[in-house]
1. Using a cut-off of 16 Å between alpha-carbon atoms, which lysines can reach Lys60, once sequence neighbours fewer than 8 places away in the same chain are excluded?
2. How far, in nm, would the chain grow between Ser17 and Lys60 when pulled straight, counting 0.36 nm per residue and subtracting the alpha carbon separation?
3. How do 21-33, 1-13 rank on mean C-beta neighbours within 10 Å, highest first?
4. Would you kindly calculate the mean projected area, averaged across all directions, of the convex hull enclosing the Cα atoms of segment 2-61, in square nanometres?
5. So what's the net charge close to Ser45: Lys and Arg +1, Asp and Glu -1, counting the other residues with Cβ under 12 Å from its Cβ?
6. Could you tell me the calculated FRET efficiency between Met28 and Glu5, based on Cβ-Cβ distance and R0 = 25 angstrom, to the nearest 0.05?
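Each value in this text was obtained by applying a stated rule to the coordinates, not by laboratory testing. Predicted model only: the values in this text are computed from it and were never measured. Heads up, the Cβs are rebuilt from the backbone with ideal geometry, glycines too, and the neighbour counts pull from every protein chain shown.
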Amino acid sequence: MLGLEEEIKKLEYSAGSLAVDEELSHLMGMEVRRTTYKNMAIIYSVDGDDAYVHHIIPQKMVIF
């Protein structure tokens, strides 16, 4: 859990640098980005200087 928490804290500095995931954005109805930590996918959005984590799911559940 600590490693996952550290990865999420890194979004403070790098959230806007990752590309928008177009397919996930279409499915969720909002602009989202995805990063990974080990076998987990962290799905989040960026609003100004803030990053909002929406989902943390096993990477294998993301089908694209």
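1. Lys38
2. 13.1 nm
3. Those peptides, ordered most packed to least, come out 21-33, 1-13.
4. The orientation-averaged projected area of the Cα hull of segment 2-61 comes to 3.9 nm².
5. That sum, taken over residues with Cβ under 12 Å, equals -2.
6. 0.60
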